[in-house]
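Working notes, beginning with the structure itself.
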Amino acid sequence: MNNSLFPDQPWMLPLFIIISIIVPRIPVVGKFFNVINTALHEFGHAFVALLLDGDVKKIDLNHDASGTTTTSLKGKFASFLCALAGYPCAISVAWLSVYLIQQGAVQGLIIGLSALFFLMLLLWIRNLYGIIWVILFIGVNVGLIYLGNPLYLRYAAVFYTVMMVTESVYSVLVIFYLSVRTPQAAGDATTLAKLSHIPAFIWSLIFMAYVAFVVYKICLMIF
């Protein structure tokens, strides 16, 4: 079946999906690519906090691909919306990325991601690994743009996008597992449970449902 990302090489998309699943499981180096999804997740928290007139103190991006956003918010409802924003933000950016690739804006996508993470570095990222990660990510993209090879740019844009999708799916499956086994340590689902008194696994199901919906829409766009 042909796809719009590689219309002349339909076998490339399954290959990229396989690579995006295998690479993050490689020790040390693989985690570097997981952080793309983590950074977008944390940006979701930060963005909503700013929209609600809150304050973003800092963002940590860690070597194990975990992340935290420290915010100061007014009231439980603002905290609730902020906690809700992470997973939807990451998969929604992937959705937008597919659209940009289809429109031929692969360089624009790469520049946009680099600019977003650079802005996060200027404003919020202060831990050493997070700083190094942003600098390396931008450095790779500057190198790709300098080379100016349209094929390399397209491969990078598709790889980043497929990584966003596969890691979004993986992360909501993990959070669902944690919400069932250890609901007191299920990340955003635990926070939402404390704020709403609705069990963490319900919130994990809501995250899973939204990610599944977006993946379905992405598949419709691609095929």
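Rule-based calculations on the coordinates, nothing more; no lab input. Computed from a predicted structure; not experimentally measured. When we count neighbours, we look across all protein chains shown, and the Cβ atoms used for this are built from the backbone with ideal geometry, even at glycine.
Taken over segment 108-132, the criterion of being farther than 24 Å from Leu5 by Cα and either touching a Phe, Trp or Tyr at 6+ places or on another chain (Cβ under 7 Å) or part of a loop (DSSP other than H, G, I, E, B) (or both) is satisfied by Phe117, Met120, Trp124, Arg126, Asn127.
Within segment 87-96, the residues that satisfy the criterion of being crowded, with 18+ Cβ neighbours inside 10 Å and either touching a strand residue (DSSP E or B) at 6+ places or on another chain (Cβ under 6 Å) or of a type in the set (A, V, I, L, M) (or both) are Ala90, Ile91, Val93, Ala94. Screening segment 1-107 for helices (runs of 4 or more DSSP H) wholly inside it with 3 or more residues that are in contact (Cβ under 8 Å) with a residue 60 or more places away in the chain and farther than 21 Å from Met163 by Cα returns the ranges 76-84.
Just one residue in the set Leu84, Leu119 is surrounded by fewer than 14 Cβ atoms within 10 Å (Cβ to Cβ), under 18 Å from the mean Cα position of the chain (by Cα) and under 22 Å from Val56 (Cα atoms); that residue is Leu119. Looking only at residues of segment 173-194 that are part of a helix (DSSP H, G or I), of a type outside the set (S, T, N, Q) and buried (at least 17 other Cβ atoms within 10 Å of the Cβ), we find that the one that is farthest from the chain's Cα centre (by Cα) is Ala193. Condition (residue is hydroxyl-bearing (Ser, Thr, Tyr) and surrounded by 13 or more Cβ atoms within 10 Å (Cβ to Cβ)) applied to segment 201-209: is it met by at least one residue? Checking segment 201-209: at least one residue is hydroxyl-bearing (Ser, Thr, Tyr) and surrounded by 13 or more Cβ atoms within 10 Å (Cβ to Cβ).
Could you check segment 130-185 and list, in sequence order, the residues that are of a type in the set (Gly, Ala, Ser), without any contact (Cβ under 8 Å) to a residue 24 or more places away in the chain and out of contact with any helix residue (DSSP H, G or I) (no Cβ under 7 Å at 6 or more places or on another chain)? Gly139, Gly143, Gly148 - these are the residues of segment 130-185 that are of a type in the set (Gly, Ala, Ser), without any contact (Cβ under 8 Å) to a residue 24 or more places away in the chain and out of contact with any helix residue (DSSP H, G or I) (no Cβ under 7 Å at 6 or more places or on another chain). Within segment 43-55, restricting attention to residues that are in contact with a Leu (Cβ under 7 Å, 6 or more places away or on another chain) and either farther than 17 Å from Tyr87 by Cα or acidic (Asp, Glu) (or both), the residue that is surrounded by the fewest Cβ atoms within 10 Å (Cβ to Cβ) is Leu52.
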